[in-house]
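Undergrad: Pasting a structure here, questions to come.
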Amino acid sequence: MTTPTGRIAAAVGGVALSFGAVAVASHGVLSRQAAIARDRIGKPLGELAVDADRLWRRSYQGEPIRLIMLGDSLAAGLGAERPKDTLGGRLARGLAHRTRRPVRLRTGAVVGAESSTLLEQIEALGDDARADVAVIVVGGNDVTHRVPASRAARSLADAVSLLRSSGCAVVVGTCPDLGALRPVPQPLRTFASRASRALAAAQESAASAAGARVVSLRRTVGPVFVDRPEEMFSLDRFHPSPLGYRRTADALLPSVLGAVDEATSARMLARADAVRLGGGMADPTPESWRRIDSYLTHTLVEPDDALAAAVADQNAAGLPPIEVSPLSAKFLQLLVRISSAQRVLEIGTLGGYSAIAMARALPPEGRLVSIEAEPDNAEVARRNIERAGVDDRVEVRVGRAAEVLPHVDGPFDLVFIDADKESNTIYLEHAARLARVGGVVVVDNVVRSGRVADPATEDEQIAGVRRGLEKLARDPRFDATALQTLDAKGWDGLAIAIRVDPESR
Ligand SMILES: C[S@@+](CC[C@H](N)C(=O)[O-])C[C@H]1O[C@@H](n2cnc3c(N)ncnc32)[C@H](O)[C@@H]1O
């Protein structure tokens, strides 16, 4: 939402015009110079930024991170022609990429806005203002409209306090150094530079006192705008170019990530407190376990571009979203490492997600064989495996596993069974033959929303899961347990067994 509305619109003008305000107050030389600046800058970009508000990276799992952009034309992204090149778009993509979660972007920033309009921007966002993290970039118009730095900084602090009181983390990018604006003649440029530095200093102390993380845009990206103005500024030589926004987003992103981490941990602690005060453990609801799954994933699973791309490609190709969750993929990866596995067998490849995760943990000479019945799935998987750079150690064999397995030679250190559940006993029989003594066998989806223990069910897949569990319990070649899982994939579980020597039991 980048359209100037109501009082905000009445309170602000374009930045180029604003130099007039400096001039009117200063007369003489500055007045003439403001007119020159106005002519040079003009308004070739108009007064509306492109609309970048959307759910970015919807293919990522988990609850979206809610990001809001507040402030002036920089926060709105004026000068970028494509949504993804705006400051909000850049930050949303960077945040999604680093957290592996989708990001919902909402823009309250208004082109030409002063700091005094921040509270109205928050109000205008309505429910969307209840965000995880807010990024505020403001100040240029306060300088050109000659708003006293202390007043502008107070308005900023008020907005930060309001956001913080609702649990939203805040990152403030302080006023850039207007001395970098070449079209503004001297001495007006020096005047603007001094005023913008004074405002940035006032913003820094007021915003941090109110609980924001503060990034000095003058210090972090100012020098590159001064050194490479042709690349960093857009057509009007005033607003950033797509590259300028990219540099600005790069400078803000670490603080935005830190703020999201902090907000997430604070919410988790608050929730834990609420449970404690409530006098006991809360029963998980789908909403709460998805939140926890998202928290644990965010906290423990290192982002992996190739895995994210594999899921995106798999979805785009119309494959069902039935790959293991990121935490389960990490669990499998750890099992590969814990068992020092060199050879892994997977039954059920889909788009290669779990195969890639496990292959990442193999040594260079390691090998993973994955069996997939559907040639189209195998094709998607091969592409994903190649892009992930593990095609040297992963082989996808196409065919029904019951027919392929008799031609597979062991021994394997780990076997992961994740295909048609009806055939679990057949696969376990092969696993007993192919896994070395001491090897690990994992069977996915053994709880199936609790239906595994429902005596009334006649589902053939559930019956297959049960037969598999019974085999694990009775077959002397296995020693097994099972763990329930609650994650983005719902309520399910994994059985884990070790291949043992029946003689030594
Ligand atoms: C749950 S998905 C596998 C997910 C994958 N392990 C992951 O986590 O990324 C099950 C896969 O098994 C395949 N499949 C089903 N029946 C099969 C069979 N009889 N033989 C081999 N693959 C089979 C399906 O086509 C599907 O791709």
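The values are calculated or read from the model by the stated rules, or taken from the named source; none is laboratory data. Fair warning: this is a prediction, and the values are worked out from it, not measured in the lab. Heads up, the Cβs are rebuilt from the backbone with ideal geometry, glycines too, and the neighbour counts pull from every protein chain shown.
Undergrad: Take the residues in the stretch 317-332 that are more than 8 Å from the ligand (Cβ to nearest atom) and closer than 18 Å to Glu372 by Cβ; name whichever of them is surrounded by the most Cβ atoms within 10 Å (Cβ to Cβ).
TA: Looking at residues that are more than 8 Å from the ligand (Cβ to nearest atom) and closer than 18 Å to Glu372 by Cβ, I get Leu332.
Undergrad: Okay, next question. Looking at this structure, is Arg213 closer than 17 Å to Val137 by Cα and charged (D, E, K, R)?
TA: Yes; evaluated as a whole, the condition is true for this residue.
Undergrad: Of the numbered conditions (1) farther than 26 Å from Glu503 by Cα; (2) at pLDDT 95 or above, Thr481 fails exactly one; give the number of that condition.
TA: (1)
Undergrad: Return the total of residues in the stretch 283-316 being within 14 Å of the ligand (Cβ to nearest atom) and in a helix (DSSP H, G or I). Don't jump to the end; show me each part of the working.
TA: Kept after step one, since they are within 14 Å of the ligand (Cβ to nearest atom), are these residues of the stretch 283-316: 304, 306-315.
Applying the additional criterion that residues be in a helix (DSSP H, G or I) yields 306-315.
Selection size over the stretch 283-316: 10.
Undergrad: Taking the conditions exactly as written (within 14 Å of the ligand (Cβ to nearest atom), in contact with a Lys or Arg (Cβ under 9 Å, 6 or more places away or on another chain) and assigned by TED's automatic domain parsing to the domain that holds Val465), does Val415 satisfy them or not?
TA: Yes.
Undergrad: Would you mind stating whether Gln333 is without any contact (Cβ under 8 Å) to a residue 40 or more places away in the chain and assigned to a helix (DSSP H, G or I)?
TA: Yes; evaluated as a whole, the condition is true for this residue.
Undergrad: On to the next question. Please go through the stretch 333-359 and give me each residue that is closer than 29 Å to Leu257 by Cβ, buried (at least 24 other Cβ atoms within 10 Å of the Cβ) and among the polar types (S, T, N, Q), ordered by number.
TA: Within the stretch 333-359, just Ser354 meets the criteria.
Undergrad: Suppose we keep only residues that are modelled with pLDDT under 85 and surrounded by fewer than 20 Cβ atoms within 10 Å (Cβ to Cβ) within the stretch 238-262. Which one would you say is nearest to Ser166 (Cα to Cα)? Before the answer, list the steps.
TA: As a first pass, look at the stretch 238-262 and keep what is modelled with pLDDT under 85: 238, 261-262.
Checking which are surrounded by fewer than 20 Cβ atoms within 10 Å (Cβ to Cβ) leaves us with 261-262.
Details: Asp261: 16, Glu262: 14 Å.
This residue is Glu262.
Undergrad: Consider only pairs whose beta carbons are under 8 Å apart and that are at least six residues apart or on different chains; among these, list those whose first residue lies in the stretch 341-362 and is over 23 Å from Arg499 (Cα atoms) and without any contact (Cβ under 8 Å) to a residue 12 or more places away in the chain and whose second residue is within 12 Å of the ligand (Cβ to nearest atom) and charged (D, E, K, R).
TA: none
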